[in-house]
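Just below is one structure, and these are the notes that go with it.
Read the figures in this text as sums done on the coordinates, not as results from a lab. Keep in mind that what you see is a predicted model, and the values were worked out from it rather than measured. Neighbour counts run over all protein chains shown; Cβ positions are idealised from the backbone, glycine included.
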Ligand SMILES: Cc1cc2nc3c(=O)[nH]c(=O)nc-3n(C[C@H](O)[C@H](O)[C@H](O)COP(=O)(O)OP(=O)(O)OC[C@H]3O[C@@H](n4cnc5c(N)ncnc54)[C@H](O)[C@@H]3O)c2cc1C
């Protein structure tokens, strides 16, 4: 497997390297090409699209009709620019390839690559070269990171049972494989993202027994003007309402899953109504039977490993996520490094595309030694409106503090290392482990295969709590989760094979 990534002479160099071929990365590539740059795009997936436009396998000859997608036309336009760049020899695409390390150099950046988990060769549209010839290192004059995010998860008793997935995982499974990972679903957590997941399941013939939304929707009322500023979101929402009515999907607000039941896989879920802080209301518990799949989603966590390796400035966003700080030109605090999409704050695909376009244009201009006007007035207004919408969404759908009340001491929080909540609580109160790093040192939470991507937020909240309940995760604790000198798993042999100087 690693043979494909032995160093092959000098590392190729590009004006602009973009990591991530989702909405932000594809838009950055299109505008960097327009700006005359020689561009390289790298993505761990086998084909472009990212999370939002994840689609059926092109390698298997499948043609996606866009039925499960929104803004499919935007994807097709960006994809046409991408393919034209490849055909013109100005864009090099590296799919099924992960960037595991990035470093600053005198004249830009060097990136270390590895085959993505499970990939046996460099493939995907336009990938550059046969197995055995692809370089393990590349250099960039300007770097755009557009690595997106992943589902934010909170533990609940029974969540380790087979059949429980991240809500986004269910959607990704459906979009990619054109089949459902179950028959009768419960989708739970918070935020508008639960809607497309449930609608997609129903559209594909699955049954959604309930969507449990922990907030009520009144949080939107004082912010209705911000929602009105992005009418496309309103239209998308109306489509979901229609789909819910058509498929008779029960949408229960102020409701949470308190326990997932089953002997060796999911069989049922227990739900309850909650108050504003997410605390269970007495006498409201009920069981939904005959459930074989549960999707959990509490928003998204930006994937900050690569920006963190370069030491970018970060901040806490309205949803409690750690995000990278950028200026109006998408420039980070590190010279030559631009960031776009979920890394700068979870805000959806349309915002990711806007930011990507700006980042690609600025990167290309800087690589030419020119400085450009960051963005037009129209672009800046659109970004502002999308950001205002995102903030309203985060405030209307907070993670309710009461979630930790339902987490018994026996509930596994770190599933990789099998660390139960009781152990974390003990470490927090008896040993004063009040951040994720010291929790990791004492309990091993976050030390396993996923490196804290699944449990990191919950561990940070429990560490900030009172020894039982959860507190607000601090920026420092979340930053420790993001700090990984090796951003993606790779065989030791690939590190050993790097030239000494690297
Ligand atoms: C599973 C999932 C499903 C989603 N579905 C929806 C939806 O239906 N509707 C909606 O509005 N929003 C959805 N979102 C939110 C959505 O992802 C974003 O709004 C949008 O896709 C963000 O675009 P992006 O370009 O920033 O990131 P992404 O689309 O996430 O793209 C990032 C890309 O970077 C690549 N990458 C990351 N790290 C590396 C690395 N080290 N090396 C190489 N490549 C790397 C990834 O493979 C990915 O293709 C979803 C999110 C997730 C996680």
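Taking the 0 to 90 degree range and rounding to the nearest ten, how far is the long axis of helix 349-367 tilted relative to the main principal axis of the chain, both from C-alpha atoms?
Value to nearest ten degrees: 20.
Can you work out D for the chain in µm² s⁻¹ from Stokes-Einstein, where Rh is the Kirkwood radius over C-alpha pairs, the temperature is 37 °C and the viscosity is 0.692 mPa s? Please list the in-between numbers first.
Working: Rh = 23.3 Å.
My calculation gives 141 µm²/s for D.
Ranking 383, 17 by Cβ neighbours within 10 Å, fewest first, what do you get?
Working: 383 20, 17 31.
Fewest-to-most ranking of 383, 17: 383, 17.
Stretch residue 216-residue 325 to full length: gain in nm at 0.36 nm per residue minus the Cα-Cα span? It would help to have the intermediate numbers written out before the result.
On the way: separation 109, 0.36 × 109 = 39.24 nm, distance 3.06 nm.
Contour length minus Cα-Cα distance gives 36.2 nm.
What does the convex hull of the alpha-carbon atoms of region 401-471 project to on average, in nm²?
On the way: hull surface 14.7 nm².
Dividing the Cα hull surface by four gives the mean projection, 3.7 nm².
Where does the chain land at 222 nm, in deg cm²/dmol rounded to the nearest 500, when only DSSP H runs of n ≥ 4 count, each adding -39500 (n - 2.57), divided by all residues? Present the calculation step by step, with values, prior to reporting the outcome.
Values: 14 runs with 153 residues, N = 502.
Estimated from H runs of four or more residues: -9000 deg cm²/dmol.
Output the antiparallel fraction of DSSP beta bridges having both residues in the chain, as a percent to the nearest 5.
50 percent
Only counting other Cβ atoms within 10 Å, I'd like 284, 97 sorted with the fewest neighbours first. List each step's numbers first, then the result.
Working: 284 13, 97 29.
Ascending Cβ contact count within 10 Å gives the list 284, 97.
Quickly work out the residue 204-to-residue 60 label distance, labels modelled 7 Å from Cα along the C-beta direction, and quote it in nm with one decimal.
About 1.1 nm separates the two model spin labels.
State the Cα centre-to-centre distance between region 319-363 and region 197-244 in whole Å.
About 26 Å separates the Cα centre of region 319-363 from the one of region 197-244.
Expressed as an acute angle from 0 to 90° and rounded to the nearest 10, what is the orientation of the C-alpha long axis of helix 377-396 relative to the principal long axis of the chain?
30 degrees
For the pair residue 333 and residue 13, what calculated FRET efficiency results from E = 1/(1 + (r/R0)^6), where r is the Cβ-Cβ distance and R0 = 30 Å, to the nearest 0.05?
The formula returns an efficiency of 0.80 here.
Would you please give the FRET efficiency between residue 76 and residue 264, computed as 1/(1 + (r/R0)^6) with r the Cβ-Cβ distance and R0 = 45 Å, to the nearest 0.05?
For R0 = 45 Å, the calculated efficiency reads 0.55.
Quick one: check the C-alpha center-to-center distance for region 167-187 versus region 68-86, whole angstrom.
24 Å
With a point put 7 Å past each Cα toward its Cβ, work out how far residue 289 is from residue 395 in nm, to one decimal.
For residue 289 paired with residue 395, the spin-label model returns 4.5 nm.
When the chain is fully extended, how far beyond the present Cα-Cα distance does residue 444 get from residue 83, taking 0.36 nm per residue of separation? Provide the component values of the computation, followed by the final result.
Values: separation 361, 0.36 × 361 = 129.96 nm, distance 4.49 nm.
Separation in residues times 0.36 nm, less the Cα-Cα distance, equals 125.5 nm.
For residue 224 and residue 252, what is the calculated FRET efficiency with R₀ set at 30 Å and r taken between the beta-carbons, to the nearest 0.05? The partial results should precede the final answer.
Numbers: r = 22 Å, r/R0 = 0.75.
Taking R0 as 30 Å, the efficiency between residue 224 and residue 252 is 0.85.
Specify whether the C-alpha gyration tensor of region 155-295 places it in the rounded, prolate or oblate class, a ≥ b ≥ c being the square roots of the eigenvalues: rounded for a/c under 1.5, otherwise prolate if a/b is larger than b/c and oblate if not.
Numbers: a/c = 2.07, a/b = 1.20, b/c = 1.73.
The shape class here is oblate.
Sorted from fewest to most neighbouring beta carbons within 10 Å, what does the list 495, 260 look like?
Values: 495 15, 260 24.
Fewest to most other Cβ atoms nearby, the residues stand as 495, 260.
Which angle from 0 to 90°, rounded to the nearest 10, does the C-alpha axis of helix 72-87 make with the longest principal axis of the chain?
30 degrees
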